[in-house]
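What follows is a single structure, written as structure tokens, with notes after it.
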Amino acid sequence: MKIGLLLFLLVIPVFAETAFDGKLTFTAPAGFRLMTAEEISHKFPSSNAPQVVYTNETLSCSIALTHSKSRLAPDKLSAFMNFLESSLRRQPGLEMTSSERIELAGVGWGRLIFISQAVDQKVRNEMLATPLEGRALLVNLNCTTKDYPSYRKSLDFCRESFRIQ
């Protein structure tokens, strides 16, 4: 019985999401969908809004993807992350939790984790960055601190699934 269940679980199809003409693939958490352009402009009102965002139904948790115009070579990733971190630290009320370099599927990424204040609540942000075609690829996995405990495992799985093609 256990072997049958294991075999069943191994053959369940996993659908990878793609972005930026298939150059980035990942597995979004169950129940996440693409955010509409209107939702993106509402949630990310700045001129630097991400190009692609996946979200849960209540919009309390999202995966925002940006292929920036900023040039980024692999050997400049540490300097780029230092710049991002120092820029973020200037924001009032921001709590920096972690700054490190990680590897996902053989690709080096910079990773910043911080808590920011939204209009009505706190948000946990996990920002990842790596070069893609000579430009910065930025990923922000964010979730309200209230909802984060229930999404933590699926966001961790999502992060680990990122692949650069």
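The values are calculated or read from the model by the stated rules, or taken from the named source; none is laboratory data. None of the values given here were measured: they were computed from a predicted structure. Here the Cβ is made from the backbone with ideal geometry for all residues, glycine too, and neighbour counts use every protein chain on show. Areas reflect the complete protein model, heavy atoms only, side chains present, ligands, DNA and RNA absent. Shrake-Rupley method; radii C 1.70, N 1.55, O 1.52, S 1.80 Å.
Residues with amide H under 5 Å of Arg135's amide H, sequence separation 5 or more or different chain, H placed in the peptide plane at 1.01 Å from N; which?
Correct list: Leu72.
Over the heavy atoms of Met81, what accessible area does a 1.4 Å probe trace out, to the nearest 10 Å²?
Roughly 20 Å² of Met81 is accessible to a 1.4 Å probe.
Per residue, what accessible area does segment 59-165 have, given a 1.4 Å probe and all protein chains present, in Å²?
Accessible area per residue, segment 59-165: 52 Å².
With a Förster radius of 30 Å, plug the Cβ-Cβ distance of Ala105 and Lys146 into 1/(1 + (r/R0)^6) and report the FRET value to the nearest 0.05.
Rounded to the nearest 0.05, the efficiency is 0.45.
Quick one: if you stick a label point 7 Å off each Cα along the C-beta vector at His42 and Ser78, how many nm between them?
If labels sit at His42 and Ser78, their model points lie 4.4 nm apart.
Which residues' amide hydrogens lie under 5 Å from the amide hydrogen of Met35, considering only partners 5 or more residues apart or on another chain, with H built in the peptide plane?
The list, which skips near neighbours in sequence, is Val53, Tyr54, Thr55.
Could you name the lysines whose alpha carbon sits less than 21 Å from that of Lys146, not counting residues in the same chain fewer than 8 places away?
Reachable lysines: Lys43, Lys122.
Can you compute the FRET efficiency between Ile113 and Leu59 using 1/(1 + (r/R0)^6), with r the Cβ-Cβ distance and R0 = 25 Å? Round to the nearest 0.05.
Once rounded, the FRET efficiency stands at 0.75.
Please return the longest range in the chain lying between exposed loop sites, taking trypsin sites (Lys or Arg not before Pro), DSSP loop only, at most 16 other beta-carbon atoms within 10 Å, and leaving the sites out.
My reading of the result: 24-89 is the longest stretch.
With a 1.4 Å probe and all protein chains kept in place, how do Glu57, Glu100 rank by accessible area, largest first?
Details: Glu57 125, Glu100 75 Å².
Sorted by accessible area, descending: Glu57, Glu100.
Taking N as the number of residues in the chain, what value does Rg over Cα atoms divided by 2.2 N^0.38 Å take?
1.08
Report the net charge of residues surrounding Ser99, where surrounding means a beta-carbon distance below 14 angstrom and charges are Lys +1, Arg +1, Asp -1, Glu -1.
Net charge around Ser99: -1.
Need the list of aspartates and glutamates near Lys69 for cross-linking: C-alpha distance under 12 angstrom, and skip anything on the same chain fewer than eight residues off.
Glu133
Need the list of lysines near Lys76 for cross-linking: C-alpha distance under 21 angstrom, and skip anything on the same chain fewer than eight residues off.
Lys23
At 37 °C and 0.692 mPa s, grab the translational diffusion coefficient of segment 70-165 from Stokes-Einstein with a Kirkwood Rh over Cα pairs, rounded to a whole number in µm² per second.
Once the numbers are plugged in, D ends up at 234 µm²/s.
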